[in-house]
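Note sheet for the following structure.
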Amino acid sequence: MDKERFRQHAHELVDWIADYLESVEDYPVRSQIQPGEVEDRLPAFPPQDGEAFSAIFEEFKSVVMPGITHWQHPKFFAYFPGNSSPPSVLAEMLTAALGTNAMLWQTSPAATEMEIRMVDWLRQACGLDEGFSGSIQTTASEASLSALLMAREKCSDYRINASGFQGEPVLRIYVSAEAHSSIEKDAKIAGYGADNVVKVPANDDFAMDADALESLIAEDEARGYKPACVIATLGATGTGGIDPLRRIGEICRAKDIFLHVDAAWAGSALILPEWQWMSDGSELADSFVFNPHKWLLTNFDCSIHYVRNKQALIRTFSILPEYLKGATTAEVTDFRDWGVPLGRRFRALKLWFVLRSYGIKGLQDILRRHIELGKKAHDALAADPEFEITSPLKLSLFTFRHTPYGMADLDAHNERLIRALNDSGEAYFTQTRVHGKYVIRWQVGQVDCEPHHIDEALNLIKLTAARINA
Ligand SMILES: *Cc1c(COP(=O)(O)O)cnc(C)c1O
């Protein structure tokens, strides 16, 4: 594609994108296709000859678009939000055009220096202390892996990095029973083994029971195991549970155990002063992750990983072959030493665009609106005797189920309900289990969600529930 054609097609695409964002509500929220439909429409063999852009773009519309789930639809209430925003999209265009790699300072000084500044802007906005320095990682899963690797090396004085696990005691990790599954995956990758992830019971409010944590650590020590890492969750994925960070931090401090905080979703709400109580005790944490790519209007991928001791992080990851030495290696930050990948996208640019376009105040207004709308949805279902709130509102997330009089199998009934809701294309919800019950999660977080979207979703839920019960 020559540069003149590129200019023409880029203009066409920008128009298409603006139209899409304006009309996203016309699409079914969750893709309505069956497994294999897109694959069947893609040729089994790669083309030998180049094709015209117009042909590719036509098939994008006819083949790809039906297989898209519209995360930017205001009635996307599933999982957690995966926000985008116009300034973030614009920045991503520039990032793609520059096609730069932010692995070393000298491979694009602006990318590194802006990353240093943006993670510090966010640190201040979230009310976290100056002792944290950070980087942008791909995902919370990856940042938590870095934390587990740091904890492993802290325990073994970097022996495991050098010569593996032989001769080391069994290392243990502690998380709330409500914690995200990524921790277990990371524990497998980091060599701890999934069996060494100890699930600490959660209390009635879905938060880690700190007394139970203390006893489990003591039991493990008595068995000769080495407690390596505690992971506190702020905003658990199923129910939004918020672990008592200060209590957990004090336990870790007393035993010199590495403390990582997983605030992947709820961390964005720390820009709201009225929610900063959640991170009380964060000065006791060694590592902290949250995802602006969830709730802070910044396109995936953008996960912020803060660490208290950056030398320990760098020592965990650093490798310096001759071909990666830069002229300035000793004086500058080379972010390749801050995590697993070598190559890194220029992700700070979209944060810069977002933070400057909205300002902290603008972002605060949007998150407060989402929390209000979550409350509106919660209160409406709480007031209806046919529905049960199965976990309380945390920020903008709660869970519920339909409990019509005389229904024997509520799990199967609510499974039918959520399937019917999502098949309608009108709104999209996902499920979880609370105390063994099958329940529906409702989180509000899409940027353009307004009160009428909540009213429409409530109507849909009530009508659909009545219909499948009839
Ligand atoms: C979403 C989520 C994760 C995983 O985030 P990724 O960035 O997709 O890896 C981890 N922990 C919690 C609490 C989450 O909500």
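The values are calculated or read from the model by the stated rules, or taken from the named source; none is laboratory data. Only a predicted model underlies this, so the values are computations on that prediction, with no experimental measurement involved. Quick reminder, even Gly has a Cβ in these numbers, built from the backbone with ideal geometry, and neighbours come from all protein chains shown. The protein model used for the area step is the full one, side chains on, heavy atoms only, and it has no ligands, DNA or RNA in it. Shrake-Rupley method; radii C 1.70, N 1.55, O 1.52, S 1.80 Å.
Going through region 284-320 one residue at a time, which ones are within 17 Å of ALA269 (Cβ to Cβ) and open to solvent by 30 Å² or more (accessible area, probe 1.4 Å)?
Residue satisfying the conditions is LYS294 alone.
Could you grab me the full set of residues in region 138-171 that are within 16 Å of the ligand (Cβ to nearest atom) and either without any contact (Cβ under 8 Å) to a residue 24 or more places away in the chain or among the hydrophobic types (A, V, I, L, M, F, W, C) (or both)?
ALA140, ALA143, LEU145, ALA147, LEU148, LEU149
Yes or no: region 118-137 includes at least one residue that is charged (D, E, K, R), open to solvent by 30 Å² or more (accessible area, probe 1.4 Å) and within 16 Å of the ligand (Cβ to nearest atom).
Looking through region 118-137, none of the residues is charged (D, E, K, R), open to solvent by 30 Å² or more (accessible area, probe 1.4 Å) and within 16 Å of the ligand (Cβ to nearest atom).
Contact list please: Cβ distance under 7 Å, first residue in region 99-117 and open to solvent by 40 Å² or more (accessible area, probe 1.4 Å), second residue acidic (Asp, Glu), pairs at least six apart or on different chains.
Pairs that qualify, where the first residue is open to solvent by 40 Å² or more (accessible area, probe 1.4 Å) and the partner is acidic (Asp, Glu), are TRP105/ASP334.
The rows are residues; the columns are (1) among the polar types (S, T, N, Q); (2) surrounded by 20 or more Cβ atoms within 10 Å (Cβ to Cβ).
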| position | (1), (2) |
| --- | --- |
| LYS154 | no, no |
| ARG172 | no, yes |
| SER176 | yes, yes |
| ILE183 | no, yes |
| LYS188 | no, no |
| ASN203 | yes, no |
| ARG223 | no, no |
| LYS226 | no, no |
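Considering only helices (runs of 4 or more DSSP H) fully contained in region 8-110, which possess at least 2 residues that are farther than 28 Å from PHE335 by Cα and more than 16 Å from the ligand (Cβ to nearest atom)?
In region 8-110, 37-41, 53-59 are the helices (runs of 4 or more DSSP H) which contain 2 or more residues that are farther than 28 Å from PHE335 by Cα and more than 16 Å from the ligand (Cβ to nearest atom).
Would you check which residues across region 444-469 are within 18 Å of THR399 (Cα to Cα), assigned to a helix (DSSP H, G or I) and among the aliphatic types (A, V, I, L, M) and list them?
Within region 444-469, ILE454, ALA457, LEU458, LEU460, ILE461, ALA465 meet the criteria.
Residues are listed down the side, and each one gets a yes or a no for (1) away from the ligand (no atom under 16 Å from the Cβ); (2) among the acidic types (Asp, Glu); (3) closer than 20 Å to SER144 by Cβ:
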{"residue": "ALA266", "(1), (2), (3)": "no, no, yes"}
{"residue": "MET278", "(1), (2), (3)": "no, no, yes"}
{"residue": "PRO292", "(1), (2), (3)": "no, no, yes"}
{"residue": "ASP301", "(1), (2), (3)": "no, yes, yes"}
{"residue": "THR333", "(1), (2), (3)": "yes, no, no"}
{"residue": "LEU349", "(1), (2), (3)": "yes, no, no"}
{"residue": "TRP352", "(1), (2), (3)": "yes, no, no"}
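For THR239, work out the one condition from (1) farther than 21 Å from SER144 by Cα; (2) buried (at least 17 other Cβ atoms within 10 Å of the Cβ) it doesn't fulfil.
(1)
Is it the case that some residue within region 359-366 is outside any helix (DSSP H, G or I) and not aliphatic (A, V, I, L, M)?
No: region 359-366 contains no residue that is outside any helix (DSSP H, G or I) and not aliphatic (A, V, I, L, M).
What pairs come out if I take residues in region 244-264 that are of a type in the set (A, V, I, L, M, F, W, C) and pair them with residues that are open to solvent by less than 10 Å² (accessible area, probe 1.4 Å) and at pLDDT below 95 whose C-beta lies under 6 Å away, six or more apart or interchain?
Final answer for the pair search is none.
Can you tell me which residues in region 191-224 are within 15 Å of the ligand (Cβ to nearest atom) and in a loop (DSSP other than H, G, I, E, B)?
Answer for region 191-224, where residues must be within 15 Å of the ligand (Cβ to nearest atom) and in a loop (DSSP other than H, G, I, E, B): PHE206, ALA207.
So, in region 199-251, how many residues would count as being at pLDDT 95 or above, among the acidic types (Asp, Glu) and over 24 Å from the mean Cα position of the chain (by Cα)?
6
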